[in-house]
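**Student:** Here you go, one structure.
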Amino acid sequence: MKLLENVYLDCLSELIHTLSLTTGSCRLQLKLESYSCKMTGDDKKLLKQITNTSEDTGLQALSPPCLGYGFPSPTTSTGQEQDACSTKTFHCLVSTLNASFRPDYDFSFAKSEEFSRIPNLNTVTQDIQNMFYTSLGDSFTDIKEEMWNTIDREIQIGDCSLYRYNADLDSDPYGEALWYFNYFFYNKKMKRILFFSCQAQPYAAETSDDDGDVLQWTRGRQQ
């Protein structure tokens, strides 16, 4: 996977992060990144590993869709198309996580059941917007339209398949989050994935010392 430079995505990510520091109830850490699906040497090794450890069906089983903080969607239905993806698509999802979080985290042994396919674009947009409104309040209204326009220019979201990674909170970057989401917008025709991830971190309090200093609030721990 190759990261595709996009200054507009970078600026949007920084803007939302800054809003969370000035008007939000928590600190938002974002990843809004676009990747080419052209394989590197490491990607080819990962695909071989996944293929060798998979059943010879060409499909990878997925979990039912989850929204928000990992709660199952009440509208979930079952079926092979929704609850499975090709081995190549699964490989692209795992490779995207590795590219985004390396060298701190390695997702090479992630299970396909840790991912979900979301059949409806409106479900994804509403989930993301609800999360941002929760932390940013009305200030999110001012940037909502431009956010989606910027994403659409990069990935053409109407042509995308939509996936979500359901975090393993004991061993991945989302363990201390108040809430999180992580969506993949996969445009097969463009051979491109846009990874949109956000986690809300609480502001940490520093307790006063024995001399009676005033309680001071600091931004949450840097990751």
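The values are calculated or read from the model by the stated rules, or taken from the named source; none is laboratory data. Please read these numbers as outputs of a predicted model, since none were measured by experiment. No Cβ is skipped: glycine too gets one built from the backbone with ideal geometry, and neighbour counts run over all protein chains shown. All accessible areas refer to the heavy atoms of the entire protein, side chains included, with ligands and DNA or RNA removed. Shrake-Rupley method; radii C 1.70, N 1.55, O 1.52, S 1.80 Å.
**Student:** Can you list residue pairs whose Cβ atoms sit under 6 Å apart, with the first residue in the stretch 157-180 being open to solvent by less than 20 Å² (accessible area, probe 1.4 Å) and the second being at pLDDT below 95 and basic (Lys, Arg)? Count only pairs 6 or more apart in sequence or on different chains.
**Tutor:** Cβ pairs passing all conditions: Tyr163/Arg117.
**Student:** I'd like the residue in the stretch 106-125 that is closer than 17 Å to Phe196 by Cα and in contact with a helix residue (DSSP H, G or I) (Cβ under 8 Å, 6 or more places away or on another chain) and, out of all such residues, is most open to solvent (accessible area, probe 1.4 Å).
**Tutor:** Leu121
**Student:** Report every pair of residues separated by at least 6 positions or lying on different chains whose Cβ atoms are under 9 Å apart, first residue within the stretch 1-28 and under 29 Å from Lys88 (Cα atoms) and of a type in the set (Asp, Glu), second at pLDDT 95 or above and open to solvent by less than 20 Å² (accessible area, probe 1.4 Å).
**Tutor:** Pairs that qualify, where the first residue is under 29 Å from Lys88 (Cα atoms) and of a type in the set (Asp, Glu) and the partner is at pLDDT 95 or above and open to solvent by less than 20 Å² (accessible area, probe 1.4 Å), are Glu5/Ser34; Asp10/Leu32.
**Student:** Something else about it: Any chance the stretch 104-121 includes a residue that's farther than 24 Å from Thr89 by Cα and hydroxyl-bearing (Ser, Thr, Tyr)?
**Tutor:** no
**Student:** Please verify whether the stretch 100-113 includes one or more residues that are closer than 24 Å to Gln201 by Cα and part of a helix (DSSP H, G or I).
**Tutor:** yes
**Student:** While we're looking at this one, here's another question. Is it true that some residue in the stretch 146-154 is of a type in the set (Ser, Thr, Tyr), surrounded by 13 or more Cβ atoms within 10 Å (Cβ to Cβ) and either at positive phi or outside any helix (DSSP H, G or I) (or both)?
**Tutor:** no
**Student:** Another question about this same structure. Within the stretch 15-32, track down each residue that is among the small types (Gly, Ala, Ser) and buried (at least 17 other Cβ atoms within 10 Å of the Cβ).
**Tutor:** If the condition is that a residue be among the small types (Gly, Ala, Ser) and buried (at least 17 other Cβ atoms within 10 Å of the Cβ), then Ser20, Gly24 are the ones that fit.
**Student:** Something else now. Looking only at the stretch 131-156, which residues are in contact (Cβ under 8 Å) with a residue 24 or more places away in the chain and among the hydroxyl-bearing types (Ser, Thr, Tyr)?
**Tutor:** Thr134, Ser135, Ser139, Thr150, listed by residue number.
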